[in-house]
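Engineer: I'd like to ask some things about the structure below.
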Amino acid sequence: MSVPTPDGAQNGPAHGALYWCELAWLPQGEVAEGVLVRVEGDRIADVVPGVPAPPDAVRLAGLTLPGLANVHSHAFHRALRGRVQPGPGAPVADEAGDFWGWREHMYGLAAVLDPDAYLALARAVYVEMALAGITCVGEFHYLHHGPDGVPYHDPNIMGHALIQAARDAGLRIALLDTCYLTGGIGIRLTGPQLRFGDGDADRWAARAEELAAAYADAPDVEIGAAVHSVRAVPAEQMPVVAEFANRHAAPIHVHLAEQRAEVEACVEAYCATPAQVLYDRGVLGPRATAVHATHLSDVDIALLGGCTAHVCLCPTTERDLADGIGPGRRLADAGCPITLGSDSHAVIDMFQEAREAEYGERATTGHRGHWGVKDLINMLTVDGNASLGFPGAGLLLPGARADLVSVRLDTPRTAGATVGTAAAVVVYAATTADVHSVVSGGRRIVADGEHVLGDAGALLREAIAAIDRDAEARP
């Protein structure tokens with residue numbers, strides 16, 4: 001087994017580094033020219049706008065933003081890209097053509113991964129994220145055990161693999177260790193799902209405590225908790241997960257009301273909506289993040305806003321899986337900070353997720369302008385980091401984590417931008433192909449669109465091909 005044990009970050013940050021930004025997005029919500037950012041360790045020491053480029057500073061082209069946060073990731077889903085699209089000519093038949101049909105293909109992938117394969121795949125996925133300007137990822141982790149649910153010799157080895165992968169790629173990670181006990185309300189786990197389960201919440205908590213202890217002093221790792229969903233955790237077991245998060249002052253995430261069928265089953269079983277069940281069991285609160293939150297009642301929206309829970313929208317996945325468009329603007333108005341995730345990684349492009357949050361509102365209301373550019377950038381940066389347990393990140397401010405992403409303004413998508421329009425051009429037109437440089441924790445991990453680990457495409461090809469070979473070799 002080649003997965004290392006947790007022993008600290010593999011690559012330390014630069015000390016005393018200077019970065020000079022042609023343009024930079026400052027915390028007050030404006031773009032400034034000629035901004036010098038001085039870094040000490042993994043923190044920003046000084047931010048000085050309006051200065052010429054010093055000869056000893058690294059030049060960051062275009063517009064520099066704080067590093068982006070991808071709040072909701074399932075790293076292994078990346079291997080499904082292009083393979084689970086229903087319809088004539090699709091590489092994999094899916095008669096249902098909906099979330100539930102897609103889920104069966106996902107289970108098939110989960111059945112074949114081992115720690116080494118997961119490390120290689122996750123490392124490649126996190127490199128792809130870094131190239132997209134992401135410096136912090138929230139990994140919603142439930143692929144815990146070996147075949148038939150038998151724990152590995154180290155029951156947290158799959159979690160260690162994900163953390164090592166993030167460190168290798170230069171990302172900070174919130175590993176959201178997920179409690180997953182049932183295949184539906186009152187339904188036992190079967191088949192590949194057995195790998196997800198710990199038996200009950202107490203045994204989940206015992207394993208999660210070991211993981212938290214291993215990274216207690218790691219500044220680049222946050223061990224959080226997750227209730228997979230009301231489908232996967234019986235209501236009476238939820239307080240154990242909430243107590244773990246409270247004890248560690250850690251984030252707690254949950255898939256909430258992603259599918260109408262989920263809501264209907266919950267109401268039938270508990271005479272309450274998923275949001276009400278989770279609230280009553282202590283899961284929802286200021287450190288909580290409700291992922292998707294697509295099919296909500298007015299009472300649900302008021303409840304989530306009243307406890308100031310974060311909400312993570314994943315617009316690309318929600319459209320890809322035909323989930324629907326959630327009430328993001330109403331949730332924000334009720335008091336929920338909104339964040340964004342790439343979830344199933346049908347595409348990894350946080351700029352696309354941000355503009356799709358706005359476009360979804362336009363499609364459902366017939367009106368434009370539901371979010372300002374500052375709102376969308378905050379979703380990608382400061383609010384996303386806060387929901388992952390890293391409140392000292394997401395701002396170009398002394399004392400904040402030294403995470404920077406520069407986006408070129410001379411490409412076919414961004415050319416013509418001015419100081420006044422640069423932020424809007426990046427949010428509404430840029431793609432990952434326009435990312436020029438990425439600094440994570442003071443260390444430059446992407447330069448001129450190239451990651452320090454080399455060719456991301458080759459890393460992904462090799463990792464996915466190895467999984468395919470293993471799947472073909474299985475009886």
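Engineer: Yes or no: the range 351-366 includes at least one residue that is crowded, with 24+ Cβ neighbours inside 10 Å and either in contact with a Ser or Thr (Cβ under 7 Å, 6 or more places away or on another chain) or over 30 Å from Leu303 (Cα atoms) (or both).
Structural biologist: yes
Engineer: Further question: (1) crowded, with 23+ Cβ neighbours inside 10 Å; (2) not in a helix (DSSP H, G or I): which one isn't true of Gly392, the others all being true?
Structural biologist: So Gly392 meets the others, but not (1).
Engineer: When you look at His144, is it open to solvent by less than 10 Å² (accessible area, probe 1.4 Å), modelled with pLDDT of 95 or more, over 30 Å from Val407 (Cα atoms) and assigned to a loop (DSSP other than H, G, I, E, B), yes or no?
Structural biologist: Yes.
Engineer: Next question, about the same structure. Give me a count of the residues in the range 268-298 that are part of a helix (DSSP H, G or I) and either modelled with pLDDT under 95 or open to solvent by 10 Å² or more (accessible area, probe 1.4 Å) (or both).
Structural biologist: 7
Engineer: Filter the range 344-361 down to the residues that are modelled with pLDDT of 95 or more and hydrophobic (A, V, I, L, M, F, W, C) and list them by number.
Structural biologist: Answer for the range 344-361, where residues must be modelled with pLDDT of 95 or more and hydrophobic (A, V, I, L, M, F, W, C): Val347, Ile348, Met350, Phe351, Ala354, Ala357.
Engineer: Here is a follow-up. Out of the residues in the range 425-443 that are assigned to a helix (DSSP H, G or I) and open to solvent by 40 Å² or more (accessible area, probe 1.4 Å), state the one that is farthest from Glu128 (Cα to Cα).
Structural biologist: Tyr428
Rundown of residues vs (1) of a type in the set (S, T, N, Q); (2) open to solvent by less than 10 Å² (accessible area, probe 1.4 Å); (3) at pLDDT 95 or above, yes/no style:
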site: Ala165; (1), (2), (3): no, yes, yes
site: Leu171; (1), (2), (3): no, yes, yes
site: Leu181; (1), (2), (3): no, no, yes
site: Gly186; (1), (2), (3): no, no, yes
site: Leu189; (1), (2), (3): no, no, yes
site: Pro192; (1), (2), (3): no, no, no
site: Ala206; (1), (2), (3): no, no, yes
site: Asp220; (1), (2), (3): no, no, yes
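Engineer: Which residue is farthest from the chain's Cα centre (by Cα), if the candidates are limited to the range 302-317 and must be closer than 20 Å to Arg362 by Cα and open to solvent by 10 Å² or more (accessible area, probe 1.4 Å)?
Structural biologist: Thr316
Engineer: Return only the number of the condition from (1) part of a helix (DSSP H, G or I); (2) within 27 Å of Gly442 (Cα to Cα) that Ala205 does not satisfy.
Structural biologist: (2)
Engineer: Ok, one more. Just to check your reading of the model, which residue among Ala45, Ala61, Ala57 is at pLDDT 75 or above, closer than 26 Å to Val452 by Cβ and open to solvent by 30 Å² or more (accessible area, probe 1.4 Å)?
Structural biologist: Ala45
Engineer: Would you call Ala225 surrounded by fewer than 18 Cβ atoms within 10 Å (Cβ to Cβ), under 21 Å from the mean Cα position of the chain (by Cα), of a type in the set (A, V, I, L, M) and within 22 Å of Ser387 (Cα to Cα)?
Structural biologist: In short, no.
The values are calculated or read from the model by the stated rules, or taken from the named source; none is laboratory data. Being a predicted model, the structure only gives us computed values, none of them experimental. Because the Cβ atoms are built from the backbone with ideal geometry, glycine has one as well, and the counts that use them run over all protein chains shown. Side chains included, ligands, DNA and RNA excluded: accessible areas come from the protein's heavy atoms. Shrake-Rupley method; radii C 1.70, N 1.55, O 1.52, S 1.80 Å.
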